[in-house]
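The values are calculated or read from the model by the stated rules, or taken from the named source; none is laboratory data. Since we're looking at a predicted model, the values are computed, not measured. Here the Cβ is made from the backbone with ideal geometry for all residues, glycine too, and neighbour counts use every protein chain on show.
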């Protein structure tokens, strides 16, 4: 048998004999505590779910120890600004031993059997002006295959550019010409 309990805004899954660490409850060690915010109870396969809480269901326990958790370091830094802050924090807690899960007043909700109000007949509708009949629809003609595409006429090339008259090469120099230089 287990239950899901809301303790100080957090949800815990508890069983008989289990020890859980919860936020500080401000009670003496050895004192009895009772938690009424039960969300769900599973009793050997029979599940009872609250909407949002189960009425009449409670979980009782004994506070074993009040203490402080390990220190958590908070370090803040902004680079290139010379800003550095170092803080530490230790959260207080209570260790609780679960003694019993009580379902004595638990009401299992069955489907409500209420009589539905008798249905009243709607006022009769007044006849509207008669509609004229539209021409009957005829079946659409079967689609025919589209004619095959014809090749487009080849593009005509633009008239070729005329080349400028070729340059004439100078006559090669002969040996005699070189001597004259």
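When you check residue 40 against the structure, is it surrounded by 13 or more Cβ atoms within 10 Å (Cβ to Cβ), at pLDDT 90 or above, within 30 Å of the chain's Cα centre (by Cα) and in a strand (DSSP E or B), yes or no? Yes: the conditions hold for residue 40.
Please tell me if residue 80 is touching a strand residue (DSSP E or B) at 6+ places or on another chain (Cβ under 8 Å) and either at pLDDT 70 or above or exposed (fewer than 10 other Cβ atoms within 10 Å of the Cβ) (or both). So residue 80 does not fit the description; no.
Just checking, does segment 114-135 include any residue being modelled with pLDDT of 70 or more, under 39 Å from the mean Cα position of the chain (by Cα), part of a loop (DSSP other than H, G, I, E, B) and over 30 Å from residue 31 (Cα atoms)? No: segment 114-135 contains no residue that is modelled with pLDDT of 70 or more, under 39 Å from the mean Cα position of the chain (by Cα), part of a loop (DSSP other than H, G, I, E, B) and over 30 Å from residue 31 (Cα atoms). Here residue 89 passes the criteria (1) surrounded by 13 or more Cβ atoms within 10 Å (Cβ to Cβ); (2) modelled with pLDDT of 95 or more except the one numbered (1).
If you take the residues in segment 55-77 that are loosely packed, with under 13 Cβ neighbours inside 10 Å and in a strand (DSSP E or B), which one is farthest from the chain's Cα centre (by Cα)? Within segment 55-77, the match that is farthest from the chain's Cα centre (by Cα) is 68.
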